[in-house]
Amino acid sequence: MLQVQLEVGTDPKEVGRARRWALSRLAGLGVEPDDSLAETLVLLVSELVTNAVVHTGRPAVLHMALSGCLVAGGGTVRIEVADAGSSPPRRCRTGRDDTHGRGLELVGGLADRWGWRYEGSGKRVWCELDRGRGTVAGAGTGAVGAGNGGRASAETLLAGPQEALRERPYDRPAVQPART
């Protein structure tokens, strides 16, 4: 298992640096930037790091753990963002014209699993992608969880009114132990 981490500062430009860093780690394993796994991973990194930077205003640490052989079509990528914020992540109800508040819906729709836990005086938010399951490029445009490995397509998640997403509960995920 390969484990790497990146310290992220408070400047919103750090989100782009985190995306580039994650892509370079995947490239080092032979995963191309236009691979659906890489595209999904970059979106998840972007959402989790953005939430940490925007909602805490403090530095964070991005962890990435890669297990299995991603190039051969298997394996799991786990992304974790640890920050000093004590407020739990929560999903928001968003209106058609809202410009913020869809991040955790994207995470919940694209990741195979996600959750969070308190850690010291802060928290750690994590998500996992399984290489062997459906990915954004291969997923249909059906409703969330419709035959695509539990993930919605990016088109469905980024669409206007978000009706498909409103069918899902908006409670926060249970605190879940980290899988090692």
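Being out of contact with any helix residue (DSSP H, G or I) (no Cβ under 9 Å at 6 or more places or on another chain) and either among the hydrophobic types (A, V, I, L, M, F, W, C) or part of a helix (DSSP H, G or I) (or both) is a property that holds for Ser24. Which of the residues belonging to region 8-22 are open to solvent by 50 Å² or more (accessible area, probe 1.4 Å) and not acidic (Asp, Glu)? Listed by number, the residues that qualify are Thr10, Pro12, Lys13, Arg17, Arg19, Arg20.
May I ask you to say which residue of Gly145, Gly74 is more than 14 Å from the chain's Cα centre (by Cα), open to solvent by 10 Å² or more (accessible area, probe 1.4 Å) and at pLDDT below 70? Spell out the reasoning first.
Values: Gly74 fails: at pLDDT below 70.
Of the residues listed, the single one that is more than 14 Å from the chain's Cα centre (by Cα), open to solvent by 10 Å² or more (accessible area, probe 1.4 Å) and at pLDDT below 70 is Gly145.
In a residue-by-residue description of region 37-45, the property of being touching a helix residue (DSSP H, G or I) at 6+ places or on another chain (Cβ under 6 Å), modelled with pLDDT under 90 and either within 19 Å of Trp116 (Cα to Cα) or among the hydroxyl-bearing types (Ser, Thr, Tyr) (or both) applies to no position. Among the conditions (1) closer than 19 Å to Trp116 by Cβ; (2) within 16 Å of the chain's Cα centre (by Cα); (3) open to solvent by less than 70 Å² (accessible area, probe 1.4 Å), the only one that Val54 does not satisfy is (3).
One residue is enough: does region 13-20 have a residue meeting the conditions touching a Leu at 6+ places or on another chain (Cβ under 7 Å) and either hydroxyl-bearing (Ser, Thr, Tyr) or in a loop (DSSP other than H, G, I, E, B) (or both)? No, region 13-20 contains no residue that is touching a Leu at 6+ places or on another chain (Cβ under 7 Å) and either hydroxyl-bearing (Ser, Thr, Tyr) or in a loop (DSSP other than H, G, I, E, B) (or both).
So, Glu39, is that one farther than 24 Å from Lys123 by Cα, open to solvent by 20 Å² or more (accessible area, probe 1.4 Å) and among the charged types (D, E, K, R) or not? First the steps, then the outcome.
Values: farther than 24 Å from Lys123 by Cα: yes; open to solvent by 20 Å² or more (accessible area, probe 1.4 Å): yes; among the charged types (D, E, K, R): yes.
Taking the combined requirement at face value, the residue satisfies it.
The values are calculated or read from the model by the stated rules, or taken from the named source; none is laboratory data. On a predicted model such as this, the values are computed, not experimentally measured, just so you know. Don't worry about glycine lacking a Cβ; one is built from the backbone with ideal geometry, like all the others, and counts go over all protein chains shown. For the accessible areas, the whole protein counts, side chains as well, though only heavy atoms, and no ligand, DNA or RNA atoms are used. Shrake-Rupley method; radii C 1.70, N 1.55, O 1.52, S 1.80 Å.
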